[in-house]
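Notes for the one structure printed next.
The values are calculated or read from the model by the stated rules, or taken from the named source; none is laboratory data. Because the structure is predicted, anything quoted here is derived from the model rather than measured. When we count neighbours, we look across all protein chains shown, and the Cβ atoms used for this are built from the backbone with ideal geometry, even at glycine. SASA here: full protein model, heavy atoms, side chains in, ligands and nucleic acids out. Shrake-Rupley method; radii C 1.70, N 1.55, O 1.52, S 1.80 Å.
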Amino acid sequence: MMRRLLSLLLTALALWPAPAAATRIKDIASLQGVRDNQIVGYGLVTGLQSTGDTLRNAQFTEQSLQSMLDRLGINVRDQRLRTRNVAAVMVTANLPAYVEPGSRVDVSVNSMGDATSLRGGTLLMTPLSGGDGQVYAVAQGALVVSGFSATGQAESLVSGVATAARIPNGALVERAVAGTFNELPGMALELKNPDFRTAVLISDAINAYTLQKYGKRAASPRDYRTVVLSRPGHVGRTRFMAEIGELQVQPDIPAKVVIDQRTGTVVIGRNVQVSTVAVTHGDLTVRITETPQVSQPAPFSDGQTTVVPRTDIEAGERMARLAIVSGPDLQTLIRGLNNVGMKPTDVIAILQAVKTAGALQAELVIQ
C-alpha cells in the first residue's frame with residue numbers, strides 16, 4: 001500500500017508545473033542604441049571543381065572575371081571564357097557595435113548564378129559596404145559548406161544547401177562605425193519580448209539593487225517595451241551595465257500558441273488555458289485509381305485499337321473518438337490533446353477550431 005502511495009505521489013510531483021526559471025536581465029533586454037550594422041558586398045569564388053557558373057548563362061560572372069583579370073594586367077576582353085571553376089556570390093555580414101579596425105567577423109556567402117556547389121571554393125578579396133556606401137570590412141578566405149549535391153545520369157542526391165557557405169572570421173574590419181558608448185544621449189533597456197509586467201519586474205529588480213548599493217533608485221518603466229535608467233554619477237556606464245545585467249527576474253510569458261502550417265510545428269506557451277470543450281476529429285481518405293484498358297478490334301476488321309479509361313474511387317473514414325479537452329495548465333492541456341490521438345496537422349486544425357469556438361484563452365499566431 002505504501003509503495004502504491006509513493007508511486008502516486010511521485011507521479012503527481014512529475015506532473016506538477018515547475019516554477020519559471022529566473023533569467024538574467026541582459027538575456028531578455030538590450031541597451032537601446034547599441035546594435036549591429038549590416039554590410040554587403042559582391043565577389044567571386046574560385047577553385048570550384050567544375051561546379052561554378054556557366055558563363056554563357058551568368059553573363060555578370062563573365063564580366064566580373066574579365067574586370068578582375070584586367071586589374072591584374074591580363075587582357076581577356078576579346079576571348080571567350082569557358083571556365084566552370086568560378087561563381088559570382090553575394091557576401092553579407094553583421095558588424096557588431098563599437099567594433100574597432102583590425103577585428104574580424106564571420107561572413108555568409110551565397111551563390112547568384114547557376115553554380116551547383118561552392119564546396120572547395122575560396123572567396124577572393126571582397127569589399128563590404130554599409131547603407132551609406134562606405135567600405136567597412138574586406139572579406140576573403142576558404143569557404144565552409146555544410147551541404148552537398150551529387151548528380152549522375154539517372155539520379156541526384158542533395159543534402160542541405162550546397163550553394164550557401166560561411167567563412168568564420170572571414171572579414172577584416174577596416175573602418176569603425178561612428179559613435180562611441182559614452183556618446184549615447186541616455187540609457188534605456190529595450191525588452192526583446194515587450195510586456196508590461198516584465199518591464200515592471202526589471203525596474204523593481206534594478207531599484208532593489210541600486211537602493212542597497214548606491215542608496216538611490218535607478219530605473220523606471222516608461223512603457224511595456226522600455227525601462228529608463230538613471231546611472232549613479234560616480235559609477236561608469238560599462239560597470240553599471242555589467243552589474244544590472246547579471247540581476248535575475250522571472251519574465252512573464254504571454255498566453256500564446258504559435259502554429260507553422262508549412263512544417264506542422266505547434267508551440268504552446270506555459271500560460272495557455274483551454275475552457276472545457278468536447279473534440280472529435282474525423283479522418284476521411286479518398287483514393288482514386290486509374291486502370292485504363294486497351295480495346296483491340298477483331299482480326300481482319302477495320303476497327304482501331306483504343307484505350308478505354310477505367311477509374312476506381314474508394315472513400316473511407318475511420319471512427320473518431322469524442323474526447324474532453326480542458327487545460328487549466330499546460331500539462332493538462334497536452335494530456336487532453338494526446339488522448340484524442342492526432343497527427344500534428346490534426347492538432348493544428350483542432351486548435352484553430354477551439355479558438356473559433358472561443359475556448360482557447362490565448363493568442364493564436366499562424367505563420
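Would segment 228-238 turn up any residue that is in contact (Cβ under 8 Å) with a residue 60 or more places away in the chain, open to solvent by less than 50 Å² (accessible area, probe 1.4 Å) and not in a helix (DSSP H, G or I)?
No: zero hits.
Quick one: Leu284 ticks every box in (1) closer than 28 Å to Asn193 by Cα; (2) at pLDDT below 65 except a single one, so which number is it?
So Leu284 meets the others, but not (1).
Is there any pair linking a residue in segment 124-148 that is over 16 Å from Asn169 (Cβ atoms) to one that is among the β-branched types (Val, Ile, Thr) and open to solvent by 80 Å² or more (accessible area, probe 1.4 Å), with Cβ under 8 Å and at least six apart or on different chains, and which?
Ser146/Val161; Gly147/Val158; Gly147/Val161; Phe148/Val158
(1) under 30 Å from Met68 (Cα atoms); (2) surrounded by fewer than 13 Cβ atoms within 10 Å (Cβ to Cβ): which one isn't true of Ala176, the others all being true?
Single failed check for Ala176: (2).
Considering only residues that are among the β-branched types (Val, Ile, Thr), more than 12 Å from Ala171 (Cα to Cα) and either at pLDDT 95 or above or not in a loop (DSSP other than H, G, I, E, B) (or both), which ones fall in segment 76-111?
Matches in segment 76-111: Val89 only.
I'd like the full set of residues that are more than 27 Å from Glu183 (Cβ to Cβ), open to solvent by less than 30 Å² (accessible area, probe 1.4 Å) and part of a strand (DSSP E or B), limited to segment 112-138.
Leu123, Thr126 - these are the residues of segment 112-138 that are more than 27 Å from Glu183 (Cβ to Cβ), open to solvent by less than 30 Å² (accessible area, probe 1.4 Å) and part of a strand (DSSP E or B).
Could you please find all residues in segment 242-269 being open to solvent by 40 Å² or more (accessible area, probe 1.4 Å) and within 24 Å of Met187 (Cβ to Cβ)?
Result: Ala242, Glu246, Gln248, Gln250, Asp252.
Can you give me the number of residues within segment 336-354 that are farther than 16 Å from Asp260 by Cβ and modelled with pLDDT of 75 or more?
Qualifying residue count, segment 336-354: 2.
Among what's in segment 50-86 and is touching a residue at least 60 places away in the same chain (Cβ under 8 Å) and of a type outside the set (Ser, Thr, Tyr), pick the residue that is surrounded by the fewest Cβ atoms within 10 Å (Cβ to Cβ).
Ranking the candidates gives Gly52 first.
If I filter segment 196-205 for residues that are free of Cβ contacts under 8 Å to residues at least 60 places away in the same chain, part of a loop (DSSP other than H, G, I, E, B) and in contact with a Phe, Trp or Tyr (Cβ under 8 Å, 6 or more places away or on another chain), do I get at least one hit?
No.
Restricting to segment 91-103, what's the tally of residues that are under 24 Å from the mean Cα position of the chain (by Cα) and farther than 23 Å from Arg71 by Cβ?
Looking only at that region, the number is 6.
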